[in-house]
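The values are calculated or read from the model by the stated rules, or taken from the named source; none is laboratory data. What you see is a predicted model, and the numbers here were worked out from it, not measured in a lab. Note that each Cβ is placed from the backbone with ideal geometry, even for glycine, and that neighbours are counted across all protein chains shown.
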Amino acid sequence: MAKREREKRQGKLIKDSSIWHETIRAKLDGRFQTTQFSNFARCGNESIYRTCKSCRAVESFAYQCSIKWCPKCNWRITARRREILERWARRIEQPKHIVLTQKNFPILTRKALREHQKNLARIRRNEVFAAVKGGCLSIEITNEGNGWHLHSHWLVDARWVDSGKLAVEWGKLCGQSFGVVKVKDLRDEGYLREVSKYVVKGSEMATWPAEQIMEFVSAVKGRRFFFAFGTLFKQGAAIRAEIKAEKEPVRPCECGCTDFIFESEVDALLSEIRNGKKRK
């Protein structure tokens, strides 16, 4: 029953993600002509062809852009991240979930994001984090009509984090008398949804006007929104190797070959034309 429920939720998510994707694509079409937008527009709407090098059998798969704000891709990125965090959380004794927020502001710029990320690095080096052995943080951006809101979710390995002192120190960095912070002991796995969540929800981004979407896309391009440090950073490679070792190997072709050529629709068409010329 649980498996059936998960499959049902995943099916709904895929359907909803496609609607959010197409809404965003329609709003940006003709306004944001870049390679990034071109890849975003192709996501789920074009195919990638896999050709067996041995028997030349061809299979097609939906193209994925893997852009951090794409509604069709960000849930896959989150699922991979969550798998790593689940394994790491089982290895530590004192997991804590921390939330840091700052006041809303009217215009989202690369400079504003860069300063926010610098403040996150500064607070991590602050004495209030002295007992933290390691962890990660994920930045989320929202805009519900009253300005841009930046906040971060942290999963840390620490026996104690003083929330009162953290609020004061974080407030100083943000230019506020105090910052709004939360420090929670982890009683269930709900924190994993928060720490590994998207930089922006597709359902929210799809409601923004085109100018606001363009402001967001321009500001976040090339910037990271998930960071690991301390013990998690050190153990990350081993955890990823562990997950990879448990994954099923690449499904071979019916002929038994596992060596393939991957091509886009355009590349595949050009190959057909070239091969057709050769046959003549």
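Things worth noting here:
- Yes/no for residue 173 being touching a Phe, Trp or Tyr at 6+ places or on another chain (Cβ under 7 Å) and in contact (Cβ under 8 Å) with a residue 12 or more places away in the chain: no
- Any hit, the stretch 77-85, residues being among the basic types (Lys, Arg), in contact (Cβ under 8 Å) with a residue 60 or more places away in the chain, not in a loop (DSSP other than H, G, I, E, B) and not assigned by TED's automatic domain parsing to the domain that holds residue 213: no
- Boolean, residue 113 is of a type in the set (A, V, I, L, M), out of contact with any Phe, Trp or Tyr (no Cβ under 6 Å at 6 or more places or on another chain) and free of Cβ contacts under 8 Å to residues at least 60 places away in the same chain: no
- Within the stretch 260-272, one or more residues are loosely packed, with under 14 Cβ neighbours inside 10 Å, farther than 18 Å from residue 108 by Cα and modelled with pLDDT of 85 or more.
- The C-beta contact set for the stretch 229-255 (first residue of a type in the set (Ser, Thr, Tyr), second residue outside any helix (DSSP H, G or I), distance under 7 angstrom, 6+ apart or interchain) comprises 231/133; 231/134; 231/157.
- Residue match in the stretch 109-116 (condition: more than 30 Å from residue 214 (Cα to Cα), in contact with a strand residue (DSSP E or B) (Cβ under 6 Å, 6 or more places away or on another chain) and at pLDDT 90 or above): no
- The residue of the stretch 86-95 that is farthest from the chain's Cα centre (by Cα), among those that are assigned to a helix (DSSP H, G or I) and touching a residue at least 24 places away in the same chain (Cβ under 8 Å), is 91.
- Which listed residue is among the aromatic types (Phe, Trp, Tyr), more than 21 Å from residue 69 (Cβ to Cβ) and at pLDDT 90 or above, from 225, 229: 229
- Residue 132 surrounded by 18 or more Cβ atoms within 10 Å (Cβ to Cβ), assigned to a loop (DSSP other than H, G, I, E, B) and not hydroxyl-bearing (Ser, Thr, Tyr): yes
- Odd one out for residue 65 among (1) buried (at least 16 other Cβ atoms within 10 Å of the Cβ); (2) in a loop (DSSP other than H, G, I, E, B); (3) at positive phi: (3)
- You will find that of 156, 183, 199, the residue that is at pLDDT below 90, surrounded by 15 or more Cβ atoms within 10 Å (Cβ to Cβ) and in a strand (DSSP E or B) is 183 and no other.
- Residue under evaluation residue 208, criteria (1) farther than 21 Å from residue 122 by Cβ; (2) in a helix (DSSP H, G or I); (3) of a type in the set (A, V, I, L, M, F, W, C); (4) at pLDDT 85 or above, criterion not met: (2)
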